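The values are calculated or read from the model by the stated rules, or taken from the named source; none is laboratory data. Nothing here was measured: the structure is a model prediction, and the numbers come from that model. Ideal geometry is used to build each Cβ from the backbone, glycine not excepted, and the neighbour counts take in all protein chains shown. Only protein heavy atoms, including side chains, enter the accessible area calculation; ligands, DNA and RNA are left aside. Shrake-Rupley method; radii C 1.70, N 1.55, O 1.52, S 1.80 Å.
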Amino acid sequence: MRLVTYQSASGPRVAAERARGYVDLNQADSALPVSMVELLAAGPELHHRAAAAAMAGKPVPAAEIRLLAPIPNPSKIVCVGLNYADHARESGKEQPAEPILFNKLATAVRAHGEPIVLPKLSRQVDYEAELVAVIGRGGRHIPRERALEHVAGYCCGNDVSARDWQLGKPGAQWLLGKSFDTFAPFGPELVTADEIHDPGDLRIQLRLNGRTMQDSSTRQMIFSVAELVSYLSGVCTLYPGDVIFTGTPPGVGAARKPPVFLQGGDVVEVEIERVGSLRNPVIAE
C-alpha cells in the first residue's frame, strides 16, 4: 500500500492511494484507526483490513486532498551521517566503523509541496536526498536479522542542512544546523515495506531546478537499514512512527566546486526508485 496523512476538517487522518486519489481508511472501515501511527502500531491483521478498505472505499481526487508529512509529528527523527561509501569518498573521509547518528527536531518536518524556508541566519543551505525508514513495530535491542520486521515502510526525504551552522559554528552545531523549521521534508507517501523487496538496492536521485545533482543507489550504503535499526535500538526504545533518515549519496552542494547552495525560487525534487518523488519549492524567510 501507499499510505498518506492528510488534513481533514477534524484533523490529520490516514488514507491509502488508489486510482489517482486517496481512500480514507477509517471512513471505509470504522474498525480501522484514524491516524497513521495507530495504524502502523496495529500489526498485520489490521494491515490486511486496511488493504481491503483501500480497495472498497471511494477515493477522493488527489487535487482535493491537502497532504501532510506521513508522520506529521514523529517522536524521533534520527539521521545518519556519512552512510554512503561514494559520499564518504567525496568528503575525503574514511568510512566510519559505526553509524554516525544525530537528530532533527520535529518542528523541521514538512510535507510534499510545502516550501523549504531559507533562514535569515544562514547563507549556506544545502540539500541531501535520503531514503527514510519509518518504524512500525517498536522495540529495544532488536537483532539485526529481525530488524526489517520492525520497519513499516519507506518515504523520500530531504535532510536540508545549514552548512555554516553544522560545520562552521564552534563545536559544530549539527543539531541546530539540521533543525531549522522546514529542514525535514519527507513523503509524499509511505510505501509499505512489503512493496520494497530490498531497501538496499534502490536508485536515489535529487534534481535542483531540473538538473540532476545526486544520482546513486542505496547499494552504496555502508550500514543497511537493518543495521541502523538494530544499532539505534541498542541505545533507545523505538516506537511506531519513529523516522530514520538513512544518509545521502554524493553530489551535495557543499562538496561542489564552486559550492551550490539553495536560493529562493529553487525547486528541489528527491526521487527514489519504487518509493516516489518528493518535491519542495524554496523561499527566503
- [ ] Rounded to whole Hz and in sequence order, give me ³J(HN,Hα) for segment 192-209 from the Karplus expression 6.51 cos²θ - 1.76 cosθ + 1.60, θ = phi - 60°, writing x for Gly and Pro.
- [x] 5, 4, 5, 8, 10, 4, 9, x, x, 8, 10, 6, 10, 9, 9, 10, 10, 6
TODO: For segment 1-39 and segment 100-127, compute the distance between their C-alpha centroids and round to whole Å.
DONE: 26 Å
- [ ] Could you go through segment 146-154 in sequence order and give the Karplus-derived ³J(HN,Hα) for each residue, using 6.51 cos²θ - 1.76 cosθ + 1.60 with θ = phi - 60°, rounded to whole Hz, and x for Gly and Pro?
- [x] 10, 5, 5, 5, 8, 9, 7, x, 9
- [ ] Would you grab the residues whose amide H sits under 5 Å from the one on ASP266? Only those 5+ places off in sequence or on another chain, please, with H modelled 1.01 Å from N.
- [x] VAL282
Task: Nearest-10 value in Å² for the accessible area of CYS156, using the 1.4 Å probe - done: 0 Å²
- [ ] Note the full-extension length gain between GLN95 and LEU176 as 0.36 nm times their separation in residues minus their Cα-Cα distance, in nm to one decimal.
- [x] 26.7 nm
TODO: Give the Rg/Rh ratio for segment 229-268, taking Rg as the radius of gyration of the Cα atoms and Rh as the Kirkwood radius, to two decimals.
DONE: 1.20
Open item on the list: Which of the three applies to segment 66-178, rounded, prolate or oblate, going by the alpha-carbon gyration tensor with a ≥ b ≥ c and a/c under 1.5 meaning rounded?
Closed with: oblate
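Give me the number: length gained by fully extending THR107 to VAL235, i.e. 0.36 nm times residue separation minus the C-alpha to C-alpha distance, one decimal in nm.
43.8 nm
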- [ ] Quantify, in whole percent, the carbon and sulfur part of the accessible surface of the chain (1.4 Å probe; protein heavy atoms only).
- [x] 51 percent
Open item on the list: Let me check against my output: what whole-number percent is the relative contact order of segment 130-285, with C-alpha pairs under 8 Å and at least 6 apart?
Closed with: 32 percent
Open item on the list: Angle check, please: helix 44-56 long axis (alpha carbons) against the longest principal axis of the chain (alpha carbons), in degrees 0 to 90, nearest 10.
Closed with: 80 degrees
TODO: Starting from the Cα of GLU45, step 7 Å along the direction of its Cβ; do the same at ASP215; then give the gap between the two resulting points in nm.
DONE: 4.9 nm
- [ ] Name the shape class, rounded, prolate or oblate, that the alpha-carbon gyration tensor gives for segment 47-115, where a ≥ b ≥ c are the square roots of its eigenvalues, rounded holds for a/c under 1.5, and otherwise prolate holds if a/b is larger than b/c and oblate otherwise.
- [x] prolate
- [ ] Could I have the simple spin-label model distance between ALA85 and GLU285, label points 7 Å from Cα toward Cβ, reported in nm to one decimal?
- [x] 4.0 nm
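What is segment 162-285 by shape, rounded, prolate or oblate, if you read a ≥ b ≥ c off the alpha carbon gyration tensor as root eigenvalues and call it rounded for a/c under 1.5, prolate for a/b larger than b/c, and oblate otherwise?
oblate
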Open item on the list: Solvent-accessible area of LEU175, probe 1.4 Å, all protein chains present, reported in Å² to the nearest ten, please.
Closed with: 80 Å²
Open item on the list: Helix-only mean residue ellipticity at 222 nm, the chain, DSSP H runs n ≥ 4 weighted -39,500 (n - 2.57), per residue, nearest 500. What is it?
Closed with: -4000 deg cm²/dmol
Task: Integer Hz, Karplus 6.51/-1.76/1.60 couplings in order for segment 83-90, x for Gly and Pro - done: 9, 10, 4, 6, 6, 4, 5, 4
Open item on the list: Using only the heavy atoms of the protein chains and a 1.4 Å probe, how would LYS120, LYS76 rank by accessible area, largest first?
Closed with: LYS120, LYS76
TODO: Given the options PHE180, PHE223, PHE261, state which has the largest fluctuation in a GNM of the chain using a 10 Å cut-off (strictly under) for Cα springs.
DONE: PHE261
Task: 18 Å Cα-Cα reach of LYS169 towards lysines, excluding residues that sit fewer than 8 places from it in its own chain - done: LYS104, LYS120, LYS178
TODO: Report the FRET efficiency, 1/(1 + (r/R0)^6), for SER277 and LYS120, where r is their Cβ-Cβ distance and R0 is 30 Å, rounded to 0.05.
DONE: 0.50
Open item on the list: Springs between alpha-carbon pairs under 10 angstrom, Gaussian network model over the chain: which of PRO170, PRO74, PRO99 fluctuates most?
Closed with: PRO170
Task: Stretchable slack from GLU145 to GLN7, in nm (0.36 nm times residue separation minus alpha-carbon distance) - done: 46.0 nm
- [ ] Search the structure for amide H atoms under 5 Å from the amide H of TYR22, placed 1.01 Å from N in the peptide plane, and list their residues when 5 or more places away or on another chain.
- [x] VAL60, ALA62
Task: Nitroxide proxy distance, nm - points 7 Å out along Cα→Cβ at ALA52 and GLU38 - done: 2.0 nm
Task: Residue-normalised accessible area of segment 52-192, given per residue in Å² at a 1.4 Å probe - done: 43 Å²
TODO: Please work out which option in (1) 54, 43, 29; (2) 64, 40, 33; (3) 54, 45, 38 gives Cα extents along the principal axes in Å calculated from these coordinates, and answer with its label.
DONE: (1)
